[in-house]
Amino acid sequence: MKIITDCAIIDDMKLKIKRLSDKVRLPKYAHSGDACFDLCVLVDSEHPPMYASISNGFTDIHDKQIGETDEKILIRPRETRIFHTGLKFETEPGYNMKIYVRSSTGIKKNLVLSNGTGVVDTATYRGEVLIGLTNIGNVDEWISNGERVAQAEIVKTLDVEIDEVSELSDTVRGEGGFGSTGGH
C-alpha cells in the first residue's frame with residue numbers, strides 16, 4: 001500500500017548538464033547542503049553578450065564599448081546585457097530550475113537579473129541558459145569571463161489543474177492587499 005503525504009523524502013536526483021564549450025566552468029555547490037549552485041558567464045569572441053535597450057529591442061553586440069575585450073564586458077548604468085552560460089540542463093520530469101542573482105553581484109555591483117527571478121523548464125527546455133543582468137547603479141560595472149554572477153536551485157514543479165470559477169471562498173482578510181495587514 002502506498003501512502004501519499006504532504007511531506008516526502010526525495011532521493012538525490014541527477015542533474016544532466018551539457019557544456020557548449022571547453023571554456024565553460026561547470027556549476028558547483030560552494031558548500032555541502034547549500035540550496036543553490038553558482039552559474040558563471042561565458043564571455044569570448046564566439047559568445048559575445050547580447051545588448052538590450054528599450055529603444056531597439058535585442059540585438060547582438062559586435063562593437064565593443066571603450067575598454068572592453070573578448071573576456072571583459074562593460075554594463076553601463078540602466079543598461080542590460082544578456083550573457084551566455086555555455087550550458088544546457090536536463091532534469092527529471094516534475095522539476096525546474098530557478099535562477100537568482102548572487103548576493104555579491106547585487107550588493108557589490110548593483111546588478112540584478114533583468115527578469116527578477118529566472119525560471120527554466122529544465123524538464124522540457126533543451127536550449128542554452130542565458131543570464132540577463134541590468135545595472136541599477138550609477139557607475140559602470142565590469143563582468144569578466146567565468147565570473148560567478150547567478151545561482152540556481154532545482155525545485156519541484158507542482159502540476160496544478162486550472163479551474164475557472166465564478167466565486168472564491170470568503171476569508172477574514174478578504175480582498176485586503178498592499179498594506180492591509182498594518183505595520184511598516
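Worth pointing out:
- Listed by first and then second residue, the pairs with beta-carbon distance under 9 Å, at least 6 apart or on different chains, first residue in region 142-159 and within 20 Å of D34 (Cα to Cα), second assigned to a strand (DSSP E or B) and of a type in the set (K, R), are A152/K98; E153/K98; I154/K98; V155/K98.
- Tally, over region 31-52, of residues that are at pLDDT below 90 and part of a loop (DSSP other than H, G, I, E, B): 5
- Of all residues in region 1-30 being modelled with pLDDT of 85 or more and out of contact with any strand residue (DSSP E or B) (no Cβ under 8 Å at 6 or more places or on another chain), the one that is nearest to G146 (Cα to Cα): D22
- Residue that is nearest to A150 (Cα to Cα) [pool: residues in region 38-48 that are touching a residue at least 60 places away in the same chain (Cβ under 8 Å) and crowded, with 19+ Cβ neighbours inside 10 Å]: L39
- Extreme residue, surrounded by the most Cβ atoms within 10 Å (Cβ to Cβ), among residues of region 80-95 that are of a type in the set (S, T, N, Q) and touching a residue at least 60 places away in the same chain (Cβ under 8 Å): T85
- Any hit, region 161-183, residues being closer than 29 Å to L113 by Cβ and in contact (Cβ under 8 Å) with a residue 60 or more places away in the chain: no
- Residue within region 154-162 that is under 14 Å from the mean Cα position of the chain (by Cα), surrounded by 10 or more Cβ atoms within 10 Å (Cβ to Cβ), among the charged types (D, E, K, R) and under 28 Å from D12 (Cβ atoms) present: no
- Within the set T85, T117, T124, the sole residue that is under 20 Å from K28 (Cβ atoms) and out of contact with any Pro (no Cβ under 6 Å at 6 or more places or on another chain) turns out to be T85.
- For V139, the conditions (1) in contact (Cβ under 8 Å) with a residue 40 or more places away in the chain; (2) under 13 Å from the mean Cα position of the chain (by Cα) are fulfilled apart from (2).
- Failed item, numbered, when D159 is tested on (1) farther than 30 Å from T122 by Cβ; (2) modelled with pLDDT under 90: (1)
- Verdict on E147 being under 24 Å from S45 (Cβ atoms) and touching a helix residue (DSSP H, G or I) at 6+ places or on another chain (Cβ under 9 Å): yes
- Scope region 96-133; condition out of contact with any Phe, Trp or Tyr (no Cβ under 8 Å at 6 or more places or on another chain), hydroxyl-bearing (S, T, Y), surrounded by fewer than 21 Cβ atoms within 10 Å (Cβ to Cβ) and at pLDDT below 95; matching residues: S103, S104, S114
The values are calculated or read from the model by the stated rules, or taken from the named source; none is laboratory data. The shown structure was predicted, so the numbers you read here are calculated from the model rather than taken from an experiment. Glycine gets a Cβ as well: all are built from the backbone with ideal geometry, and neighbour counts include every protein chain shown.
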